[in-house]
Structure formats: structure tokens, C-alpha cells
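Here's the structure we're looking at; comments come further down.
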Amino acid sequence: MSRRYIARRLAQLVLVLLVVSFFSFSLLKLLPGDEVSVGCTFCAEAEQERFIEENALDDPFVVQYVKWLGRLATGDLGRYYDNDQAVTDVLSRALPVTLQLMAYATLVALAVAIPLGVATAYKAGSVFDRISSAAAFGMLAVPNFVLAIYLSYLLSVKWSVFPFSGYESFGTDPVRHFQLMVLPTLSLAVGQIAVYMRLLRSDMIQTLQEDYITMAKAKGLPPRRILLGHAMRPSSLTLLTVAGINIGTLISGSIVIEQIFSLPGVGSQLVFAILNGELIAAQAYIALIGITYVLLNFVIDLLYGVVDPRIRYG
Amino acid sequence: MSTSAPILRRSDSRLLLALLSLTMIAAACGGGGDGEASDGSEAQQASEEFLEEEGDLTPVPGGEVVFGVEASTTGGFCVPEAQFAVSGIQIANAIYDPLVAFNSDLEPTPFLAESIEPDAEHDQWTIRLRPGITFHNGEALDAAALKLNLDVFRGEVGDTGRVPILFRYVFRDIVAVEIVDPLTVTVSTRVPWTTFDSYWASGRFGISAPAQIRSEAAACKNTPIGTGPFKIEQPLSLAEGDDVRLVRNTTYWRPGLPYLEAITFRPQPEASRMLDGVLAADGGFDLAHFNEARARNNARDEAEAGTVAYYQEGVDYSEVSYALFNMRPDSVFADKNARLFVAHAIDRDFLNQTVNFGLNVIADGPFPPGVIGHLDDPGVPAYDPEEAQRILDEELGGQLEFTIRYLTSTYVRSVVDEIIRQLSAYPGVNVTQDDFAQSELIDVALGGNFDVLFWRNHPGYDPDGQLVWFRSDSPVNFGAIDDPELDALLDQGRSATDPAERTDIYEQVNERFASEVYNAWVWNTLWGLTTRPEVHGVLGVELPNGDQPLGIFAGWSPVTEIWVEQ
């Protein structure tokens, strides 16, 4: 992968980020209602004027956007109307929770899906493959919040295997942290397992029909080495792509899971901000989610060349 | 008739409950599990059995509990400005002490105040504070602090920066607050105010430290400082979903209290999850309060099985759920016939059975049982489909269209769905529904942007407390009731001193509501408190004057005497 390619992608990234941020900013401006009446309902006139000045509400739309972008870039995400709390303060506590949940769910999903996908591809058509496929469809059919409640009832309430709800940071108590994250992680991961497993299986079956795989078999290489050393990497591109796209699914899934397990994450904050007219906070969260999504997919784009060296970018 | 709850008289080691309407269901009791509405007699027996056991227990200091509440209090705890929901009031009652507290007979008794007495005309009240009480930050609770609180509540904010939007109307009849001595103030009112003392019986009107009242806006909200049994360790995070953890106030003025080292309030909007959390052995809730009927029903079943303890608020003094009509001139319900149609068309008993398993009690007015002005039959239009049809055909031209609006809630949606189903049985009637977020409440309610608003309110203490909701010039008279006769009655009720006269006045208010059909009353909404079996003292012990406390009231319960088996 050439430096020129990376530079070009970075330039594209910046452009995409600007577009995402612009749409995030515009979306909430298009909502009916007056920001002053929502954000400063019972303010005296002097306070309203200060509110207008702080949020540049008297400026033209583009100027408002530029100022907002500048504040976003410097970490000033504004304040909640209701309690005057800095959005940054809330985000600094909430973001790690959601990122951890998403990361754990992705890792668990991949850790289960990759071996299963490889095995079912290798044993395509077997009883094991059919049972695994049926189970995958079953997992896909169950919404994550249904699974969350079911797991919670069985493993917390009935059998007391895991704690019911709450969050403990890793730094405070790592053991407790992981105990509390097991059920939320499983609730999000199960659906992902099914998706990744099916994708990898499909790609792997195709790859296993390639000539070089036949050559490797003819040379007497053990199946494990063929599967993991030769077939795995070229079969991973779709998996990588979908993992990137699934970030959006994880974000939306985390919203409900956070509520069920009382996790103080970003999902809960976003829903609250939208439902309660906290426009400044909602703008910030939507923009950050969009930016995070774009950045992660940028990283995934760069990983293509690492996973499959045949892919060259000029 | 009392709503409450155990009284633990330390002198005789027996818990005595005045329990006619409050049920504590322990193991091996019966009734209610299949959804049938209980008359309370079976629960009374079970409660007394339980109380005999509870009375032999000695509170054990120490431990922590997690208390499940239905929502976060993101608006913070700047008391004069805060718009508390039930959850917020529950937390406020742990941080702040009120001047008075209701006993089991709903009489205001001195709490922070050593005494609160009116003069003969009831237009001047003298409040004397107990000596030696300090706020959590060490400031003294004295007359100056009390005057500051009262002045801010009534809108005389000085340079504090506080903005008491609603309370300056609620307390507009206060004309002066004067310091008499270091522990005594007098409050002069514009008109005789017979029940002025009852307003102060909740952490909702708790007394805040001057340092908090004078702090910046954000600090006033996230750094509550009261005299209550629990206090904060650090400024609160007011983000949605965050816990509120409070620790024991080691200088609390009531000796030996509180028992707990800490209490954490954790929001959980789903009542069923709260109940599951109480049942879970780890990481859940030690106690939780909710009013959703299905969860209460399940909690009763679990209590019968002995897995939890369940306390249900009695109907006395409870909130009422109802359909609030918008009677502004341009509204469809400015026409009394439209209101009459709805009142006659809704089968409330069927609605209660369908949605609530029959667990709520049908309401016929704004004043629940136990509150003066309550009438068993004030003349509310009864369910009468034939009369409803006649009104629709002859008075409304065979057509009626409107929308029912409500704050987003799965439970309320189910109620409104059933109401719409019943009303839609009449040809020509077209009813739709529209839920809205909390952020829109001001626009919807204050702005009159609704035909019908389904909500709950008016927990009963003295009916004078409801004046702010019904008087024609009140900013929160959402239905735009414009009734000089009603206004006159409300004003008379505030100033009348003779109990019989007040009762008569508020009965007339009740009858006026019935005859004019300003609202379609549905039921009294009852709250339940579910706890792990090892949690005790959840309904309060003994007030400073020795009276029995009220227990659960409009969804909140005292926390000072909670203790946990170690």
C-alpha cells in the first residue's frame, strides 16, 4: 500500500468527515421548533441573549456550522440545557462504556464465528454444517433485546451465574467489570456470530475450490495449515467489510442493551438527548457516532492490503 | 384510613401497622395473585402475621442498598427550580428534610421545624426550628437559612440567581418572611392560609443549604446540600442512566439514624426489569418502586412465594389518573356534550380489569379517599353506552374527532389503546393517539396543544394543594378551566378555618368537577414497593413527635430507617 494511496484516502476521509458533520449539524436544525424556546424556555431576556450568542444562533447557517465545527474540533461539545452539564463530561464517562461493549461483542463474535465458519466450510454439507447453519438462522431471528432479557432472566435471576445489571470500570475492579459485561456482550455478540459465520463459510467454500488450494492439498499439506495458512486470509475480506458496516448495527444495538443492563453508555445518552430536546447534545453525539463510524471503516479499508497482499493500491 | 405501614415502637419491640389499605404480603398468604382485586382483608391478616415477625427484629447498622427508581433526575436537585418526578422526589427525600412530615392520618407534624403554628387568623405562621441541626456542609440550619429558602421559593430571589418558575405562583400568597430570633421566622400571607404547613411535608420542598442556593446554576443542580440522612460524596453526574450514590450523614440530627452506610438510586424505566432485579442475587436492586400493574401483580405473586417482600400503597391519598380535556374556546372539548360523551362511553371497570388486572381503584374525582372533599358519588357521569350514543347523535351531530396525547410510556399506550377501542365502537367517532417526549411537555401542556391529555397527578394531601392545577389564572391549569364558581370555592377553601366548612367547600369542588365534566377520571394509581426479604424498615419508623409515619405516599417512601440483615 503506497503512501500516495494513504494520503489520498486521508484526504477523502477529511471530506467525508466534513459531509457527515454537516449533515449531523443540519439534521437537527431542520427540526421544527425554536432552539431558544427549547433550550432556554424560562430564561430571562439577558439569559436568552447570552444563549443566542453562545450558540451563534443569530449568525447565518454556514457560519453557525463553521463555529460549531471549530468547537467540535477543540473538544467543546456544548452543554445540556436542563442541568448545564458539559456534554464532554458526560461523553468522557459514557464513551468508554459503549466502546468496550462494542469491542467485546465484536471480539467474542469473531472468536466464535471464525472457527465455526472455517469448520463448517471445511465440512460443508455434513451434519455438523447443517446443524450450525440452522443454529445461525435461529440466532439471526432472535432480536438482541429479546435475547438480553432471556439471558438475564436465566443467568442472573434464576441461576445467579452473572450479575443482573450495572457497570464497573476496568480500572476499579477488572473482575467485576468483566462479570458485569458478560451478559450485555453475549446479547450483542450472538447475532453477529451468525452473520460472520455464514459469511466466512460462504467465502471459504469458494476459496477452497481455488487451484492453489488444490495444489496445496496435492503437496500433502495438513488441512489445518491449508485452512488457516492459505484459505483464511483471502476469505476474510468480506468478513472485514461486514465487520466495519456492522459498527452501525452495534451502535443501535447498544442503545437497547445499555438500557436493559443499566450501562451508562453513549446509546442511552443519545436517545435521551433526542427525546428530551437536548439539541446541542444530540448534535454532538450524532456527529461523533458518524465520525467514529467513518474512521473505523477507514481503518478497515487500510487493513485490506494487510489481510490480502494481492490488493495493491497505486 | 392510613396508607401506611409499619411503625416500629422501640419501646415495645412490636411493629404495629395501621394496615387497612396497605398490604404487606409475606410467605403463605393468599389473595390477589390471579388479578382479582382484593378488599384488603386477607392482606391485613397476612400483614399482621408478618409484623409479628418483623417486630422481633432489631435494626442492624451498616450495609448498603441499591434502590430502583423509574427514571433519572437529569434536571438536577436545585430544589426551588427542579421539576421533580416521583424518582426525583424519592432521592430528594434522602438528601433533604422537610419542615413537616405527614403522619399516618395525613396530619402535618413538625419535622425539621420544632413547631409551625398559625395565629388566630391563619395569615401569619411562626416556624421555629430545632436547635443544633447542620447542613451536610456544616452550615447551621437557622432562621436566616430558612428565610432564604422561603424567599427563593416565593420568587424573592435577590442575587441568588435562582429561577423558581412554578413556585412563585404556588407561594404567591406569601407576602413577607421575617426573622424573629436565630431559630424562628414568621411567614405572613396575603389571605388566611389554613393549610400552609402541609405544603412543606416532602423533600420536594426540602430545605437547602444557603451555599447551594447561592451557587452557580450547574452547582445548584449537581451539588445538593441538605440536612437529610444521606449526602453526596462528590458532585452528581446528572446524565441519563447514571446512579445517584449517597452516603450516610454522620452528623444527622436524629440519633442513631440512618442505619445504612450508603444508598444508591439506580434508574430502570421498565418495571418488570426492576422486579427481576430484586429477584436477582447479584447486581440487581435491593428495593424498587413502581406502579405498573403487571409488575405489581407479579410482585404480589413473588411475595406469596416468599422470594420478595411487597408493600402496596393504599388508595388513600393516592394519585389519580385521568383524561384531561382541553377546554380552550377553539377545542372540541369546549363543548360540554363532547366531554359528557367521553365520560359516558368509557367502561372504566373493564379498562381497569383489562389493563391493570383490576389492581387499581376507580376514581370519581380529584380527591382520593382519606382527603377532605372526597365523595363516594359526586355525580360523575356513569358508563352508559345508550346515553353516550344519544349525546353523539343529538348533540354532536353524529361526529366526534380528537386525539389523545400522553407522555411516552408503554403502559399508558396500552391504556389509551383500550380507550380508543371502546370509543371507536361508536360510528362517527374517530380517535387517534399521539405520544410525546418529556421535552415537549411544556409545549403540549402549557401551550394547550392537545385535545385530551392522559396523565396522573393530584396525590392527596390537603385539597388546597391542588389549587395551582385548577384555578383559572394558574399557569399550570392545563385544561384551561375557566370557572369563577370553582375559583371562588378554591379561594374559600384556602382560607376557611372550620374543618366542617372546608369539607363542605371541597365537596362542592368535587361535585363541580363532576357536573361540568372538566376531566374524565379513570382510577387511582397505586405504587408498590418491592424489596429483598432481608431489607427492613422501608416504610418508616416513628416521627420525632412519636406519631406513625405515612409510609408510601404518591410513589415515594422514607429511607431513613431502612436496614439490612448483615
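The values are calculated or read from the model by the stated rules, or taken from the named source; none is laboratory data. Since the model is a prediction, treat every value here as computed from it, not as a measurement. Here Cβ is always computed from backbone atoms with ideal geometry, including for glycine, and neighbour counts include all displayed protein chains. Areas reflect the complete protein model, heavy atoms only, side chains present, ligands, DNA and RNA absent. Shrake-Rupley method; radii C 1.70, N 1.55, O 1.52, S 1.80 Å.
Points to keep in mind about this one:
- Counting the residues of the range B:222-267 that are acidic (Asp, Glu) and at pLDDT 95 or above gives 2.
- Of all residues making up the range B:144-153, the number that are open to solvent by 10 Å² or more (accessible area, probe 1.4 Å) and either within 18 Å of B:Ala217 (Cα to Cα) or β-branched (Val, Ile, Thr) (or both): 2
- Note on the range B:241-292: residues that are within 12 Å of chain A (Cβ to nearest Cβ), part of a loop (DSSP other than H, G, I, E, B) and open to solvent by less than 10 Å² (accessible area, probe 1.4 Å) amount to 4.
- Figure legend. Inter-residue proximity from the range B:545-566: first residues outside any strand (DSSP E or B), second residues aliphatic (A, V, I, L, M) and modelled with pLDDT under 85, beta-carbon distance below 7 Å, spacing 6+ or different chains. Indicated pairs: B:Gln548/B:Ile7; B:Gln548/B:Ala18; B:Leu550/B:Leu106; B:Gly551/B:Ala5; B:Gly551/B:Leu22; B:Ile552/B:Ala5; B:Glu561/B:Val541.
- B:Ser409 satisfies every condition listed in (1) closer than 26 Å to B:Val468 by Cβ; (2) modelled with pLDDT of 95 or more; (3) of a type in the set (S, T, N, Q) except (2).
- Pairing residues of the range A:237-264 that are in contact (Cβ under 8 Å) with a residue 24 or more places away in the chain and within 14 Å of another protein chain (Cβ to nearest Cβ) with residues that are in a helix (DSSP H, G or I) and among the acidic types (Asp, Glu), at Cβ distances under 8 Å and at least 6 apart in sequence or on separate chains, gives A:Pro264/A:Glu258.
- Flag not set for A:Ser268, criterion: under 26 Å from B:Arg266 (Cβ atoms), at the interface with chain B (Cβ under 8 Å from one of its Cβ atoms) and not in a helix (DSSP H, G or I).
- Residues satisfying the stated conditions in the range A:271-283, i.e. assigned to a helix (DSSP H, G or I), within 7 Å of another protein chain (Cβ to nearest Cβ) and closer than 16 Å to A:Arg79 by Cβ: A:Phe272
- When every residue of the range A:66-77 is checked against the conditions, at least one turns out to be within 14 Å of chain B (Cβ to nearest Cβ) and either crowded, with 20+ Cβ neighbours inside 10 Å or hydroxyl-bearing (Ser, Thr, Tyr) (or both).
- Applying the criterion of at least 3 residues that are touching a Gly at 6+ places or on another chain (Cβ under 8 Å) and away from chain B (no Cβ under 13 Å) to the helices (runs of 4 or more DSSP H) found wholly in the range A:94-212 leaves A:174-207.
- Pairing each residue of the range B:426-449 that is closer than 13 Å to B:Glu401 by Cβ with any residue that is exposed (fewer than 15 other Cβ atoms within 10 Å of the Cβ) and small (Gly, Ala, Ser), provided the two are 6+ apart or on different chains, yields C-beta distances under 7 Å for B:Gly428/B:Gly398; B:Val431/B:Ser424.
- In the range B:415-456, the residues that are of a type in the set (Asp, Glu) and either more than 14 Å from every other protein chain (Cβ to nearest Cβ) or assigned to a loop (DSSP other than H, G, I, E, B) (or both): B:Asp417, B:Glu418, B:Asp434, B:Asp451
- Residue within the range A:90-97 that is within 30 Å of A:Gly191 (Cα to Cα), at pLDDT 85 or above, surrounded by 17 or more Cβ atoms within 10 Å (Cβ to Cβ) and touching a Ser or Thr at 6+ places or on another chain (Cβ under 6 Å) present: no
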